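Working notes, beginning with the structure itself.
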Amino acid sequence: MFRIRRIFDDLHPANREALRQVQEILRDRFPLLDPGDVEKIPDLLKNPMKHRFRSIVYVAQGFRGNVKGFALISVEPGLRFCYLDYISAARHMASGGIGSALYERVREEALSMGTIGIFLECLPDDAALCGEPELLRQNRARLKFYERYGAYPIVDTAYETPVRPGDDCPPYLVFDGLGQGAALRLQQAKSIVTAILERKYKHLCPPEYVNMVVDSFRDDPVHLREPHYFTREKPTATPVTGKLRKVALVVNDKHQIHHVKERGYVESPVRISAILKEIEATAFFERIPAQEFPEKHIRAIHDGDYIEYFKRVCKTLERGKSVYPYVFPIRNAARPPKELAVRAGYYCIDTFTPLNQNAYLAAKRGVDCALTAANKILEGHRIAYALVRPPGHHAERHSFGGFCYFNNSAAAAQYLSGFGKVAILDIDYHHGNGQQQIFYERDDILTVSIHGHPRFAFPYFSGFDDERGSGAGKGFNINYPLQEHLDGNHYLRVLNAAVKDVATFEPTYLIVGLGLDTAKGDPTGTWSLTPMDFERVGKTIGRLRFPTLVVQEGGYRTRAIGINARHFFTGLWSGMFHS
C-alpha cells in the first residue's frame with residue numbers, strides 16, 4: 001500500500017527524508033547520472049527562477065514513510081507544458097505498479113495545471129540507433145508503456161541527432177497530449193523544444209545544435225509516430241479522468257446519532273442533508289468514505305484529561321438524555337466535582353452545549369472525516385471538503401462549547417503540519433477561539449479569523465484584534481472583529497485583507513473553516529451575505545491556489561444553507577482552476 005503525495009520543499013523533516021530517499025533511488029537506478037544533478041534536487045524546489053522551470057516532485061510513499069518510487073517534472077507555465085525529468089520505482093518495487101500510478105498522477109496534475117501535455121525523452125527502440133541488445137529491450141518496454149497512454153515519439157525532425165557525431169542511443173522526444181485531442185502546433189513545438197534544449201541541456205547543446213534541431217521542425221501540426229506496440233487496433237489517447245479537479249467530499253456518516261431534539265437546538269442533522277442536496281447536484285464533488293484514525297490525532301491537540309472525561313461521561317448517560325453544564329468550578333479548578341454531570345462545567349465554556357450518549361462518537365467521527373480529507377489533499381486533490389457535524393472551531397485544548405467538542409480543523413492542521421506550513425482561515429460568524437488557543441505559540445500554523453466583534457458575538461471572551469500570538473507564535477494569529485451589521489461588499493473588503501495575510505505566510509496547505517452563519521437571516525448571526533456573496537468569497541479564496549481543505553463549521557438557516565454552500569464551492573472551484 002502506498003499513497004502519492006507532492007513534495008513542495010525540504011523545510012520539514014518528513015520532506016527532507018523523502019527527498020533523501022529520492023536521491024538514493026536516482027543514484028541506484030541512474031548510475032551514469034551526474035552526481036551534481038542528484039544533489040540539486042532540493043534546490044530545484046526552492047529556487048524555480050534560478051532553474052527557469054517550476055519543479056515538482058511526487059513520491060509514492062508507504063505509510064511508514066518509505067519511498068517506493070518518485071517522479072520529477074518541470075513545469076513551464078508561460079508555454080503551458082510539463083517536462084518529465086525522471087520517473088522511477090525503487091529497485092525492489094520495480095514490478096509493483098508504482099510507475100503506472102506515478103505517471104497517471106503526473107498526467108492528472110498536468111491536466112489540472114492547464115498544460116497542453118507532457119514532453120519526455122526516451123531512448124530509441126530502433127536497432128539502427130541503439131546497438132546494445134539489453135538496452136534496446138528496455139527502451140522498447142519503456143516506449144510501449146507510454147504508448148498505452150497515447151504518448152508517441154515526435155517524428156520527421158532532427159531531435160534524435162546525436163550532439164556528438166557517432167554517439168549511440170540518442171533520445172526521442174515523446175509527446176503525451178493527455179487525451180485532449182488537440183494537435184501539437186508547429187510554433188508551439190519550436191518554442192517548447194527551444195526551452196528544453198536551452199534550459200535543460202545548455203551544458204551539452206551548443207547554440208548551433210539547438211538551432212539545427214528547432215529548424216528541423218517543419219510540419220504543422222507536428223507529426224507523431226504511428227503505434228508500434230498496439231498494431232491490431234490503434235489505441236485512442238488515454239483520457240485523464242480529472243479526478244484531482246474534483247472536490248473530495250467526506251461526510252460524517254455518524255452525525256445523525258448526535259440528534260439533540262430539544263426545542264431551540266439549532267445544530268441539527270438537517271444542516272448536512274440540506275447542504276448535500278445542493279452540492280451533489282453539481283459536477284464538482286467526488287464522495288470519499290471516511291477512514292478511522294487513532295485517537296493520538298485528537299490527543300495531539302486536546303488535553304488527555306478532557307478527552308477521558310468526555311468519553312466517560314458520554315458512556316454513563318442514558319439514551320436520549322442530554323446534560324448541560326450549569327456549575328463552573330473556576331474557584332478551585334484543581335478539585336473538579338466528583339459527579340460527572342456536574343463536572344461538565346469544568347471543561348465547558350457555555351451553558352448550551354449538551355453532553356449525551358453519542359456526542360463522543362459523533363465528534364470522534366468528525367475528526368476522522370477531517371483527517372481523511374487532509375489525506376486527499378496530500379494525495380493531490382486541490383480541494384477537499386469535510387462536511388461534518390458537530391462543528392469544531394470553538395473546542396480548545398482543555399474545553400468544549402459552542403456546539404463543538406473536538407476541533408476538526410485543528411486536528412487536520414496538526415496532521416498536515418508534518419508536511420508543510422498550514423494556514424487556517426476561519427470565515428464563520430463566530431470567532432475561531434479553538435484553533436487560536438491551540439496554536440497560539442506556533443509559527444508554523446497561521447490562524448486568521450473574520451468574525452463578529454466579541455463585545456456582542458459569541459464566544460465574547462476572545463477574538464480581539466490585539467490577540468496576535470505569543471512566544472514563537474507572535475504575529476501568527478490574526479483577528480478581524482467586525483461590526484454588528486454589514487453586507488457582502490464590506491465583508492469582501494475584509495476578506496481581501498485576510499487572504500493577503502495568508503498569501504504572505506505562503507502556506508503549503510490552507511484550511512478554511514466554512515461558517516455559513518454569515519448569511520442573511522441566520523438565527524445566530526447579524527450579517528447579510530447573499531448566495532452571490534458566498535460565490536465571491538469562494539472565488540477570492542480559490543484564487544490563492546493553495547491546496548485547500550474546507551471544514552464545515554456553523555450555518556443554521558437550513559432553508560438557505562445548501563444554496564449558500566453550493567455558491568461558495570462554485571466560486572472556490574472557479575477561482576482555483578480558472579480565474
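Among the residues of region 71-113, which ones are among the hydrophobic types (A, V, I, L, M, F, W, C) and more than 30 Å from Arg543 (Cβ to Cβ)?
Restricting attention to region 71-113, the residues satisfying the condition of being among the hydrophobic types (A, V, I, L, M, F, W, C) are 71-73, 75, 79, 81-82, 84, 87, 89-90, 93-94, 98, 101-102, 106, 110-111, 113.
If the condition is that a residue be among the hydrophobic types (A, V, I, L, M, F, W, C) and more than 30 Å from Arg543 (Cβ to Cβ), then Ile87, Ala89, Ala90, Met93, Ala94, Ile98, Ala101 are the ones that fit.
Can you name every residue in region 466-486 that is more than 14 Å from Phe505 (Cβ to Cβ) and of a type in the set (Phe, Trp, Tyr)?
Across region 466-486, the qualifying residue is only Tyr480.
Collect the residues in region 448-461 that are at pLDDT 95 or above, in a loop (DSSP other than H, G, I, E, B) and in contact with a helix residue (DSSP H, G or I) (Cβ under 8 Å, 6 or more places away or on another chain), keeping them in residue-number order.
Answer for region 448-461, where residues must be at pLDDT 95 or above, in a loop (DSSP other than H, G, I, E, B) and in contact with a helix residue (DSSP H, G or I) (Cβ under 8 Å, 6 or more places away or on another chain): just Pro459.
If we scan region 276-295, do we find a residue that is of a type outside the set (A, V, I, L, M) and in contact with a Gly (Cβ under 9 Å, 6 or more places away or on another chain)? I'd like the intermediate steps shown before the answer.
Restricting attention to region 276-295, the residues satisfying the condition of being of a type outside the set (A, V, I, L, M) are 277-278, 280, 282, 284-287, 289, 291-295.
So of that shortlist, the ones also in contact with a Gly (Cβ under 9 Å, 6 or more places away or on another chain) come out as 277-278.
Checked against the condition, which is being of a type outside the set (A, V, I, L, M) and in contact with a Gly (Cβ under 9 Å, 6 or more places away or on another chain), region 276-295 yields at least one hit.
Of all residues in region 115-137 being surrounded by fewer than 20 Cβ atoms within 10 Å (Cβ to Cβ) and among the acidic types (Asp, Glu), which is modelled with the highest pLDDT?
Glu121
Taking region 482-505 only, how many residues are among the charged types (D, E, K, R) and part of a loop (DSSP other than H, G, I, E, B)?
Taking region 482-505 and keeping what is among the charged types (D, E, K, R), we get 484, 487, 493, 500-501.
Narrowing the set further to residues that are part of a loop (DSSP other than H, G, I, E, B) leaves 484, 487.
Residues flagged as among the charged types (D, E, K, R) and part of a loop (DSSP other than H, G, I, E, B) within region 482-505 amount to 2.
Scan Gly432, Gly392 and give me the residue that is in contact with a Cys (Cβ under 8 Å, 6 or more places away or on another chain) and in contact (Cβ under 8 Å) with a residue 24 or more places away in the chain.
On the way: Gly432 fails: in contact with a Cys (Cβ under 8 Å, 6 or more places away or on another chain).
One residue alone meets the criteria, Gly392.
Name every residue in region 467-519 that is closer than 14 Å to His431 by Cα and either exposed (fewer than 14 other Cβ atoms within 10 Å of the Cβ) or at pLDDT below 95 (or both), in order of residue number.
Gln483, Glu484
Checking the conditions here, which among Ala71, Ala18 is buried (at least 20 other Cβ atoms within 10 Å of the Cβ), under 29 Å from Gln188 (Cβ atoms) and not acidic (Asp, Glu)?
On the way: Ala18 fails: under 29 Å from Gln188 (Cβ atoms).
The conditions single out Ala71.
Can you say whether Ala90 is crowded, with 21+ Cβ neighbours inside 10 Å and among the aliphatic types (A, V, I, L, M), as far as the supplied structure shows?
Details: crowded, with 21+ Cβ neighbours inside 10 Å: no; among the aliphatic types (A, V, I, L, M): yes.
So Ala90 fails the test.
Could you check, for region 446-462, whether at least one of its residues is free of Cβ contacts under 8 Å to residues at least 12 places away in the same chain, of a type in the set (Phe, Trp, Tyr) and more than 22 Å from Thr508 (Cβ to Cβ)?
Within region 446-462, one or more residues are free of Cβ contacts under 8 Å to residues at least 12 places away in the same chain, of a type in the set (Phe, Trp, Tyr) and more than 22 Å from Thr508 (Cβ to Cβ).
Checking the structure you have, find out if any residue of region 10-23 is acidic (Asp, Glu) and in contact with a Gly (Cβ under 7 Å, 6 or more places away or on another chain). Talk me through it step by step, then tell me what you get.
Of all residues in region 10-23, those acidic (Asp, Glu) come to 10, 17.
Cutting the leftovers down to in contact with a Gly (Cβ under 7 Å, 6 or more places away or on another chain) gives us 17.
Scanning region 10-23 turns up at least one residue that is acidic (Asp, Glu) and in contact with a Gly (Cβ under 7 Å, 6 or more places away or on another chain).
Between a residue in region 396-420 that is more than 19 Å from Gly555 (Cβ to Cβ) and any residue that is of a type in the set (Lys, Arg) and in a strand (DSSP E or B), which pairs come within a Cβ distance under 8 Å, given they are 6 or more apart or on different chains?
Matching pairs, first to second residue: Phe419/Arg5.
When only residues in region 263-304 that are among the aliphatic types (A, V, I, L, M) and assigned to a loop (DSSP other than H, G, I, E, B) count, which is farthest from Glu553 (Cα to Cα)?
Initial filter on region 263-304 (among the aliphatic types (A, V, I, L, M)): 266, 270, 272, 274-276, 279, 281, 283, 288, 290, 298, 300-301.
Keeping just the survivors that are assigned to a loop (DSSP other than H, G, I, E, B) gives 266, 281, 283, 288, 290, 300-301.
Details: Val266: 13, Ala281: 21, Ala283: 23, Ile288: 19, Ala290: 18, Ala300: 21, Ile301: 18 Å.
Residue satisfying both the conditions and the ranking: Ala283.
For region 152-181: of the residues being in contact (Cβ under 8 Å) with a residue 60 or more places away in the chain, under 22 Å from Ser216 (Cβ atoms) and not acidic (Asp, Glu), which is surrounded by the most Cβ atoms within 10 Å (Cβ to Cβ)?
Going residue by residue through region 152-181, those that are in contact (Cβ under 8 Å) with a residue 60 or more places away in the chain are 152-157, 176-180.
From the residues that got through so far, the ones that are under 22 Å from Ser216 (Cβ atoms) too are 152-157, 176-177.
When the remaining residues are screened for being not acidic (Asp, Glu), the result is 152-155, 157, 177.
Details: Tyr152: 21, Pro153: 24, Ile154: 21, Val155: 15, Thr157: 21, Gly177: 19.
Here the answer is Pro153.
Name the residues in region 521-536 that are in a loop (DSSP other than H, G, I, E, B) and out of contact with any Asp or Glu (no Cβ under 9 Å at 6 or more places or on another chain), would you? Don't jump to the end; show me each part of the working.
Pass one, region 521-536, residues in a loop (DSSP other than H, G, I, E, B): 521-528, 530.
Matches in region 521-536: Gly521, Asp522.
For residues that are modelled with pLDDT under 95 and either part of a helix (DSSP H, G or I) or among the polar types (S, T, N, Q) (or both), tally how many sit in region 148-197.
Selection size over region 148-197: 2.
Among the residues of region 537-579, how many are in a helix (DSSP H, G or I) and of a type in the set (Ser, Thr, Tyr)? So that I can check it myself, show each step before the final result.
So the first thing to find is which residues in region 537-579 are in a helix (DSSP H, G or I), and the list is 537-542, 558-577.
The next check asks that each one be of a type in the set (Ser, Thr, Tyr); those that pass are 540, 558, 570, 574.
Residues meeting the conditions: 4.
The values are calculated or read from the model by the stated rules, or taken from the named source; none is laboratory data. Note that this is a predicted model, so its numbers are computed, not measured. Every residue, glycine among them, receives a Cβ derived from its backbone with ideal geometry; neighbour counts consider all protein chains shown.
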